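These notes are about the structure you will find just below.
Values quoted throughout were computed directly from the atomic coordinates according to the rules given, and no laboratory measurement underlies them. What you see is a predicted model, and the numbers here were worked out from it, not measured in a lab. Heads up, the Cβs are rebuilt from the backbone with ideal geometry, glycines too, and the neighbour counts pull from every protein chain shown.
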Amino acid sequence: MSNGIHIQTQGLSKNFGPVVALKDLNLVVRKGSVFGYLGPNGAGKTTTVRILSGLLKPTAGNATVCGYNVHTERNAIKSVTGLLPESPGLYSKLSAVEFLEFIGALNNLSGESLHRRIDSLLGILGLEGRQNDLLESYSSGMKQKVLVASTVLHEPALVFLDEPTSRLDPAASVLVKEIILAMAKETDTTFFICTHMTDFAEDVCEVIGILNQGILTTLGAPNEIIEQMGGRDLEDAYLKIVGGEIDRETLLSWRQ
Ligand SMILES: Nc1ncnc2c1ncn2[C@@H]1O[C@H](COP(=O)(O)OP(=O)(O)O)[C@@H](O)[C@H]1O
Ligand SMILES: [Mg+2]
């Protein structure tokens, strides 16, 4: 269906009125790989993900996702991909099982096979025993695990995770990171992960793209990027690329 390539974009661009959110993106993401999309707030990461998951039409350019065209086959794209959005909604008066049954129904899943899938995901995520408690009683890390489960419930070939750890404390972030690593290792699923957390990207992602003001400026394996920029680690390389040097004058200006 897509000869080893899961995402291919040519000149992909999106404007919101005068705002250029994404400019001339040319990107290839291989099937089964874990791709990290790094960039500061407002860089255009979420816009890219919304286009590639079939939610938003590009202004110009073209892309295929799992072989389907982003202009003409958006429903097919939605059926073979999963998306964990930046600020997902969750029904707090449902239990984890009820919520996953609901998401399953939206994806035309039901019966025995859906329940086997839910049980297996809850087991992988370490939520058995709590599966019938209301989600409002869950910690934020547990809620995020349920949301990850809901994103992969229909066994998508490609999963988009938009800032999956940004609202989590360090311990919950580590858990979510481990889950992504385990899923990436055990399945042939492709992961496209937006983040501005360089340590997360360095640990999890095989290939990293750095986006700044709508433009993809850097693409490569974490160690290649570090080497190329002469950085100590990915954070250092990233700050050199996006120009995020800490301005101590400004930082300390409150003292004057
Ligand atoms: N629906 C929208 N309407 C107008 N501007 C938008 C919309 N969505 C995003 N933008 C603008 O596009 C740019 C990129 O935003 P976004 O893709 O959300 O960046 P990121 O996810 O990297 O933080 C920003 O300048 C943002 O304000
Ligand atoms: Mg975003």
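Numbers below:
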| read-out | value |
| --- | --- |
| Karplus (6.51, -1.76, 1.60) ³J(HN,Hα), θ = phi - 60°, over the range 54-67, in Hz, Gly and Pro reported as x | x, 8, 9, 8, x, 6, 8, x, 9, 7, 10, 10, 6, x |
| Other-chain or far-sequence residues with amide H under 5 Å of Leu83's (modelled H) | Phe160 |
| Cα centre as origin, Lys/Arg/Asp/Glu Cβ charges: the range 66-127 dipole, Debye | 80 |
| Given Lys78/Lys143; Lys57/Lys93; Lys78/Lys177; Lys14/Lys145; Lys45/Lys177, the pairs whose alpha carbons are separated by over 26 Å | Lys57/Lys93; Lys14/Lys145 |
| Inter-site label distance for Ser137 and Leu219 at 7 Å from Cα along Cβ, in nm | 4.9 |
| Full-extension gain in nm, His115 to Thr187, via 0.36 nm per residue minus C-alpha separation | 24.0 nm |
| Segment Asn15-Asp199, extension gain: residue separation times 0.36 nm, minus the distance between their alpha carbons | 63.2 nm |
| Sum of side-chain charges, Arg117 neighbourhood, beta-carbon under 11 Å (Lys, Arg +1; Asp, Glu -1) | -3 |
| Rel. contact order, % - alpha carbon contacts under 8 angstrom, at least six apart, the range 5-244 | 26 |
| Paramagnetic label zone (point 7 Å from Cα along Cα-to-C-beta, Met229; backbone N under 20 Å) in the range 27-49 | 27-28, 34-46 |
| Size of charge dipole - the range 109-230 - debye, nearest 20, with Cβ of Lys, Arg +1 and Asp, Glu -1, no other charges | 320 |
| Order by protection proxy (mean Cβ within 10 Å, highest first), peptides 51-64, 17-30 | 51-64, 17-30 |
| Paired Rg and Dmax values of the range 156-216, which use every Cα atom, in angstrom | 11.8, 35 |
| Two-decimal log10 I(q)/I(0) for the range 5-244, as the Debye equation yields it once each C-alpha is a single scatterer, q = 0.09, 0.13, 0.16 Å⁻¹ | -0.38, -0.79, -1.16 |
| Alpha carbon convex hull of the range 1-117, volume per residue in cubic angstrom | 142 |
